[in-house]
Each structure stands twice: as C-alpha cells, then as structure tokens.
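Enquirer: This is the structure I want to talk about, given as structure tokens.
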Amino acid sequence: MGSGLGWGHIEQARARLSEERGTIFQEAPLSVALCYPSPYAVAMSSLGFQTIYREICRHPGAVAERAFLPDDVSRWPAGSAPLFTYESLRPVAEHSLVAFSIAYELELTGLFEVLRLSGLPLLVHERDARHPLVVAGGPLTFSNPSTLEPFVDVVLLGEAEETIHVLLDAVANAGSDKRATLDALVGQPGIYVTNRGLPWPGVAKASTERLPAFSQIVTPNTELRSMFLIEAERGCSRVCAYCVMRGTTNGGMRPVPIERILDKIPGDATRVGLVGAAVTDHPQIEALLRHIVDSGRSLGISSLRACRITAPIAALLAKGGYRTLTIAADGSSQRLRDEVRRHTTEEHLIRAVENARGAGLTRVKLYEMIGLPSETDADIDELGRLATELSRLLPLSLGIAPFVAKRNTPLDGQPFEKTSILEARLKRLRRAVKGRVEIRSTSTRWAWVEYKLAQGSAEAGLATMEAWRAGGDFAAFKRAFERRED
Ligand code: SF4
C-alpha cells in the first residue's frame, strides 16, 4: 500500500475494522466502492447503507467495500492521497463501480468531497472510459434526486434491494463498456440513466419477502454503540402532507411479522434498534417490545408516535433503558397540525408525557416545525403554552426545524418562510418558555439551502458545486443560487 494514502487514516480504518462484527472480506471480479457522503459513525447507523452492502456481496461475482467521508476533510493529506475503501485499502477510483447512498439534500457536498478525494472528476461529462461508473441511491431519491444529474451516471430510485442486482448484472454483462452498461439500464423500472433527457421513473418497491432489513455490521463506533438494527416495518400508512414517506409512497406501511424479526436478532445482541418510519404503528408493537426487553436486551426505536405511548409501552421503553421520550408534533398549533393532516393532538402529547413520567422516564424531547404555510404568531404562542404545560410534567426540550417543502408531497412547491420571520418566531417562542424549556433549533440559513436543493433541479446541483468550490459557507451558497437564478 502506497505511503501516500496517509497512515493516520489507514490506522484509523484498521482500528475500526478490528472492532466490527460482520464485515465481509471477499474477492470478486466486480468490486463496488460503496461510499457514504458523511463520516463513518453516521454511515454505520444507516440500515439502508448496511443492507445494500450485504446485497452487493451476495450478488454472484460481486463484492462491496465501504468508503466514508473523512471525519475531518481538512486534515486529509493533500495531493497524493486518494480515498480508499476500508476492506482492502484500495483506492475508490480503482473499483469497477462507485456507488453512493445519500440520505438528504445537504449531503451533496459530501459526494463532491468523496469524488474529489478519490481523484475522480465531479461532472459526468468530465469522466471518460478510464473512470468507473458513478451511481447514487438512498432516501434522497424518494423526493428530489434531480440535483444529482450532473454528477452521477445512474440513479436507483427508492428501495434498491432488487434494482441493485439489475445494475450489477448490467455491469457484469457489459464488462468495461460503460455505454453498453448504461444502454442496458435504460427503461428498467426504478432506474434512471442521467443526461439522456429521459423521463424520471417512479420509485422502486422491493418485494415484501425481502423485509426486514437488518444490520450486517455491528460496531461500537457509532452514535448507536453496538446496537443491532432491524426493520420492524417499512413505510407509513399515515398521510402527513409534508412527508415523503406518507402512505401513498409505496403503498403504506408493511409490518414485518414479529417471529421474523425475533428470528433475525443474533443471540449475542445486547442492544436492539427497531427501525422504520412508523415503528410504534406496528400492530404487534407491544408484544415485540416485550419479547426484546424480557430477554434482557436494551432497546432503541427510530420513531415514536405520541398517540401510541400507552402506559404499558412507556413501561417497556423504561425497562429497555429509555430515559428520554422523543416524540414529534410537527406543527406549532392544532390548527396547523390539522391542516397538514398530522393527527397529533394536545391530548395525545399530554398523555404520552404523563405515561412516560409514570414509567420513570426523566426527560422529553419534542420535535416541531415552524414556518408552515399560513403560520402566524398566534400559532407560536399556542406552542409556547403547550410546551410550558408539558414541562410541568417532565423536563422538556424542544427541537425546532423550519419547514422545507419536499417534492412528491402535497406541500411540494410551498415557499420557504423568510429567515427574518423564522428568527423572529424563534425569539418569540424562546421568550414564551424562558427558564422552563430548552430550545434547540436547526439553522434557518441551512434550511434555506436545503429548500433550494429540495425544490431545485440540476441547476441547483451545479450551484451547490460552485458554492462548495467557493468555500461552502452560507454566503457562497447564496451567491451561487442567485447567480444561477439570474
Ligand atoms: S410524518 Fe411520520 S407519521 Fe406522518 S406520514 Fe411521515 S412517517 Fe408517517
């Protein structure tokens, strides 16, 4: 291995590999550099990333090796140090295919970094026969993948457990002929070949027999610390108007039978994370939680709905190690929640917090959106009053994020609220709950960038590239978007 790779990073990769369980080391003629545009700890908490890793390794003649955005890009050795995949320490660009899993809009700059550190030109038209095909998939593709068009050759839309095999077959059959690979992929369901002026296909839906997704690799080096992740259900049957995972996307919730879930949990897993858009809507959720905690395991759940936090569920959460109840209401007042068809009521929230307190939980985190269409100061005042009321039951922190309209939702095309108004509403809310409730808010400025990418097209992708090249701060984004809009 060339010394130009940067020994610190190699040592870090080796140390992380030595603490993983389930890593797949194999050799195969078709090797895929499976890249994540965020650091290792985030990537290894992604069940989608882990699932595609396993699917590729299962494909006859193929292997996946992982690469990550370095924890600190600025400390990556300059010049001769290409980014490498962990399993073999080979440079990313030497693999047959480079594939990205992208969770959300702002990870586009992570994709640029990974391509740059790999020595690959960013733009499709700057790459030639010497370079591997670059492919993208992941949660972003459910809403607006069109910003990716200038940078990737192929997009796998939606659930990729089956389309990844179609892609690998096409690559294997065409050998190193990139054009022949792309020609073979045109018209395949759920697969989009970029830069040919083709219509975007709908998102793919994997067959139910493929569920559940579950961890391939368990590692202590993530925020979820050695937690075995498994999908309890896929999708959601509810109809919140701002949400990409709402019931009309891929036909609602597909719960996994609990026997199938329990069967997959390894005997030595001490921590189990149940993943899904609406885990507590699983029809057998109580029995499932009981099985897990009664076997002495601790528990994590990716989505708790306030209306499902009954006293028995709260008791099971407490027994599974929960100390903080994390729930979302998403609209600052009942009027707004009704308008966006988020059927969470004050009564649901109060009862959930009472049940949490009764079970011995000690804190509540409540997620809210501000800036929904038609929001006024009166809605914010209602949130202030409710938050104060909830904080009398348990210490409360509010997580506030500005509303960002997404494609493929009924609120697609709605404007982004002026940042000055969002800031004023945040100030108003802080005043209303001062001394009682902690407020954490995501940046209104970066939410605006997210909005431009959520609603934008290939041009927005190119503006992001310009902004990233110009240093990537907010002013650079503002300039780049304004220039492109002229
Ligand atoms: S916000 Fe949650 S409950 Fe509403 S549709 Fe989306 S996943 Fe379902």
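The values are calculated or read from the model by the stated rules, or taken from the named source; none is laboratory data. The structure presented is a predicted model; accordingly, all values stated were derived computationally and were not measured. Counting neighbours? That spans all protein chains shown, and the Cβs are built from the backbone with ideal geometry, glycine included.
Enquirer: Out of segment 235-265, which residues are outside any loop (DSSP other than H, G, I, E, B) and either of a type in the set (D, E, K, R) or near the ligand (Cβ under 8 Å from one of its atoms) (or both)? Break it down into steps so the answer makes sense when it comes.
Expert: Kept after step one, since they are outside any loop (DSSP other than H, G, I, E, B), are these residues of segment 235-265: 254-255, 258-264.
Those that are outside any loop (DSSP other than H, G, I, E, B) and either of a type in the set (D, E, K, R) or near the ligand (Cβ under 8 Å from one of its atoms) (or both): 254, 259, 260, 263, 264.
Enquirer: Further, regarding this structure: With 401, 424, 405 as the choices, which residue is more than 24 Å from residue 353 (Cα to Cα), of a type outside the set (Phe, Trp, Tyr) and touching a Phe, Trp or Tyr at 6+ places or on another chain (Cβ under 9 Å)? So that I can check it myself, show each step before the final result.
Expert: Details: 401 fails: more than 24 Å from residue 353 (Cα to Cα); 424 fails: touching a Phe, Trp or Tyr at 6+ places or on another chain (Cβ under 9 Å).
Going through 401, 424, 405 in turn, the sole match is 405.
Yes/no per residue for (1) among the aliphatic types (A, V, I, L, M); (2) buried (at least 24 other Cβ atoms within 10 Å of the Cβ); (3) outside the structural domain of residue 154 (by TED's automatic domain parsing):
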residue	(1), (2), (3)
81	yes, no, no
85	no, yes, no
89	yes, no, no
97	yes, no, no
101	no, yes, no
115	yes, yes, no
121	no, no, no
131	no, no, no
142	no, no, no
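Enquirer: Quick one: how many residues across segment 383-415 are out of contact with any Lys or Arg (no Cβ under 8 Å at 6 or more places or on another chain) and of a type outside the set (S, T, N, Q)? Quick ask: steps written out before the conclusion?
Expert: From segment 383-415, those out of contact with any Lys or Arg (no Cβ under 8 Å at 6 or more places or on another chain) are 383, 385-386, 389-390, 392, 401-408, 410-411, 413-415; that's our starting set.
Now restrict to residues that are of a type outside the set (S, T, N, Q): 383, 385-386, 389-390, 392, 401-407, 410-411, 413, 415.
Matching residues across segment 383-415 total 17.
Enquirer: Collect the residues in segment 117-149 that are of a type in the set (Lys, Arg) and modelled with pLDDT of 95 or more, keeping them in residue-number order.
Expert: Across segment 117-149, the qualifying residue is only 127.
Enquirer: Does residue 223 meet the test of being out of contact with any Leu (no Cβ under 8 Å at 6 or more places or on another chain) and either outside the structural domain of residue 273 (by TED's automatic domain parsing) or away from the ligand (no atom under 13 Å from the Cβ) (or both)?
Expert: Values: out of contact with any Leu (no Cβ under 8 Å at 6 or more places or on another chain): yes; either outside the structural domain of residue 273 (by TED's automatic domain parsing) or away from the ligand (no atom under 13 Å from the Cβ) (or both): yes.
Spelling it out, residue 223 is indeed out of contact with any Leu (no Cβ under 8 Å at 6 or more places or on another chain) and either outside the structural domain of residue 273 (by TED's automatic domain parsing) or away from the ligand (no atom under 13 Å from the Cβ) (or both).
Enquirer: When both residues are 6+ apart or on different chains and their Cβ atoms are under 8 Å apart, which pairs have a first residue that lies in segment 416-433 and is in contact (Cβ under 8 Å) with a residue 24 or more places away in the chain and farther than 14 Å from residue 447 by Cα, and a second that is part of a helix (DSSP H, G or I) and acidic (Asp, Glu)?
Expert: That search, which allows pairs on different chains as well, returns 425/377; 428/377; 428/381; 432/381.
Enquirer: Give me the residue from segment 208-234 that is outside any strand (DSSP E or B) and of a type in the set (Lys, Arg) and, out of that set, modelled with the highest pLDDT. Working first, answer last.
Expert: Here is the first cut: in segment 208-234, the residues outside any strand (DSSP E or B) are 208-213, 215-217, 219-227, 232.
After this cut, where a residue has to be of a type in the set (Lys, Arg) as well, the list is 210, 225.
Numbers: 210: 93, 225: 87.
Going through the qualifying residues, I end up with 210.
Enquirer: Filter segment 437-454 down to the residues that are part of a helix (DSSP H, G or I) and over 20 Å from residue 475 (Cβ atoms) and list them by number.
Expert: Step one: list which residues in segment 437-454 are part of a helix (DSSP H, G or I), which gives 444-454.
Hit for segment 437-454 is 454, nothing else.
Enquirer: Could you list all residues from segment 414-441 that are in contact with a helix residue (DSSP H, G or I) (Cβ under 9 Å, 6 or more places away or on another chain) and among the β-branched types (Val, Ile, Thr)?
Expert: 419, 433, 437, 439
Enquirer: What number of residues within segment 97-132 satisfy the criterion of being in contact (Cβ under 8 Å) with a residue 40 or more places away in the chain, farther than 21 Å from residue 195 by Cα and more than 22 Å from the chain's Cα centre (by Cα)?
Expert: Number of matching residues: 2.
Enquirer: In this structure, does residue 384 turn out to be of a type outside the set (Val, Ile, Thr), in contact (Cβ under 8 Å) with a residue 40 or more places away in the chain and assigned to a helix (DSSP H, G or I)?
Expert: On the way: of a type outside the set (Val, Ile, Thr): yes; in contact (Cβ under 8 Å) with a residue 40 or more places away in the chain: yes; assigned to a helix (DSSP H, G or I): yes.
It is true that residue 384 is of a type outside the set (Val, Ile, Thr), in contact (Cβ under 8 Å) with a residue 40 or more places away in the chain and assigned to a helix (DSSP H, G or I).
Enquirer: Here's a follow-up. When you check residue 290 against the structure, is it at pLDDT 95 or above and closer than 24 Å to residue 342 by Cβ, yes or no? Explain how you work it out, then say what you get.
Expert: Working: at pLDDT 95 or above: yes; closer than 24 Å to residue 342 by Cβ: no.
Spelling it out, it is not the case that residue 290 is at pLDDT 95 or above and closer than 24 Å to residue 342 by Cβ.
Enquirer: Let me ask another. Do you know which of the residues in segment 400-436 that are of a type in the set (S, T, N, Q) and in a helix (DSSP H, G or I) is surrounded by the most Cβ atoms within 10 Å (Cβ to Cβ)? Working first, answer last.
Expert: Initially, segment 400-436 is screened for residues of a type in the set (S, T, N, Q), giving 408-409, 414, 419-420.
Now restrict to residues that are in a helix (DSSP H, G or I): 419-420.
Details: 419: 15, 420: 9.
So the residue we want is 419.
Enquirer: Let me ask something else about it. Taking the condition of being of a type in the set (Gly, Ala, Ser), over 19 Å from residue 258 (Cα atoms) and assigned to a loop (DSSP other than H, G, I, E, B), how many residues in segment 189-207 meet it? Quick ask: steps written out before the conclusion?
Expert: Narrowing segment 189-207 to residues of a type in the set (Gly, Ala, Ser): 190, 197, 202, 204, 206-207.
From what's left, over 19 Å from residue 258 (Cα atoms): 190, 197, 202, 204, 206.
Filter once more, keeping what is assigned to a loop (DSSP other than H, G, I, E, B): 190, 197, 202, 206.
Residues meeting the conditions: 4.
Enquirer: All but one of (1) touching a residue at least 40 places away in the same chain (Cβ under 8 Å); (2) more than 16 Å from the ligand (Cβ to nearest atom) hold for residue 290; state the number of the condition that does not hold.
Expert: (1)
Enquirer: Give me the pairs, please: first residue somewhere in segment 223-242 and without any contact (Cβ under 8 Å) to a residue 60 or more places away in the chain, second residue anywhere and basic (Lys, Arg) and within 11 Å of the ligand (Cβ to nearest atom), beta-carbon distance under 7 Å, and either six or more positions apart or on two chains.
Expert: Final answer for the pair search is 236/246.
Enquirer: Select from segment 315-345 the residues that are under 26 Å from the mean Cα position of the chain (by Cα), more than 13 Å from the ligand (Cβ to nearest atom) and assigned to a loop (DSSP other than H, G, I, E, B) and write down the one among them that is surrounded by the most Cβ atoms within 10 Å (Cβ to Cβ).
Expert: 332
Enquirer: On to the next question. Only one residue in 191, 217 is over 26 Å from residue 409 (Cα atoms) and more than 14 Å from the ligand (Cβ to nearest atom), so which one is that?
Expert: Values: 191 fails: over 26 Å from residue 409 (Cα atoms).
Among 191, 217, only 217 is over 26 Å from residue 409 (Cα atoms) and more than 14 Å from the ligand (Cβ to nearest atom).
Enquirer: Across segment 266-283, what is the total count of residues that are assigned to a loop (DSSP other than H, G, I, E, B), away from the ligand (no atom under 16 Å from the Cβ) and not hydrophobic (A, V, I, L, M, F, W, C)? Break it down stepwise before answering.
Expert: So in segment 266-283, the residues assigned to a loop (DSSP other than H, G, I, E, B) come out as 266-270, 276-278, 282-283.
Checking the rest, the ones that are also away from the ligand (no atom under 16 Å from the Cβ) come to 266-270.
Now narrow it down to the ones that are not hydrophobic (A, V, I, L, M, F, W, C): 266-268, 270.
The qualifying residues number 4.
Enquirer: Within segment 173-188, is there a residue that is part of a strand (DSSP E or B) and either small (Gly, Ala, Ser) or closer than 27 Å to residue 253 by Cα (or both)?
Expert: Of the residues in segment 173-188, the ones part of a strand (DSSP E or B) are none.
No: segment 173-188 contains no residue that is part of a strand (DSSP E or B) and either small (Gly, Ala, Ser) or closer than 27 Å to residue 253 by Cα (or both).
Enquirer: Separate question: Among the residues of segment 296-314, is there at least one that is touching a strand residue (DSSP E or B) at 6+ places or on another chain (Cβ under 7 Å), modelled with pLDDT under 95 and either within 12 Å of the ligand (Cβ to nearest atom) or in the same structural domain as residue 358 (by TED's automatic domain parsing) (or both)?
Expert: Yes.
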